[in-house]
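What follows is one structure encoded as structure tokens, with my remarks underneath.
The values are calculated or read from the model by the stated rules, or taken from the named source; none is laboratory data. All of these numbers come straight from a predicted model, not from anything done at the bench. Here the Cβ positions follow ideal geometry from the backbone for every residue, glycine too, while neighbour counts run over all protein chains shown. Note: areas computed on protein heavy atoms with side chains; ligands, DNA, RNA excluded. Shrake-Rupley method; radii C 1.70, N 1.55, O 1.52, S 1.80 Å.
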Amino acid sequence: QVQLVESGGGLVQPGGSLRLSCAASGISFSPYNMGWYRQATGKQRDFVADITRDTNTNYADAVKGRFTISRDNAKSTVYLQMNSLKPEDTAVYFCRATLFSDYWGQGTQVTVSS
């Protein structure tokens, strides 16, 4: 059974930082493209960042220069380092694994507020 479990969300003040983790099980992790998406209340789910099996990365314009995606194949985990957080970054953040199949985690809430 494939599982993607996100962690690291929480409440942070504007300008602060958080590091999200997504631990995968039930798949051979290293070939998968891994991504982070987010969904604010009442909005559609949007792309945030992804990283390929070759560690090529892509970012949404809204997070470029502030967020960094990385992966540790030995731990079957993908990370999202989020710096200089803004209130508009508030959302549920989801992890996605894509190869021949497509898997999603349950999400972790990130709230940026003073």
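A single member of Leu99, Leu85 is hydrophobic (A, V, I, L, M, F, W, C) and surrounded by 19 or more Cβ atoms within 10 Å (Cβ to Cβ), and it is Leu85. Could you list, in sequence order, all residues of region 12-46 that are open to solvent by 40 Å² or more (accessible area, probe 1.4 Å), small (Gly, Ala, Ser) and more than 25 Å from Ser76 (Cβ to Cβ)? Selection gives Gly15, Gly42. Any residue at all in region 100-112 that is in a strand (DSSP E or B), over 16 Å from Arg19 (Cα atoms) and over 12 Å from the mean Cα position of the chain (by Cα)? Yes, the conditions are met somewhere in region 100-112.
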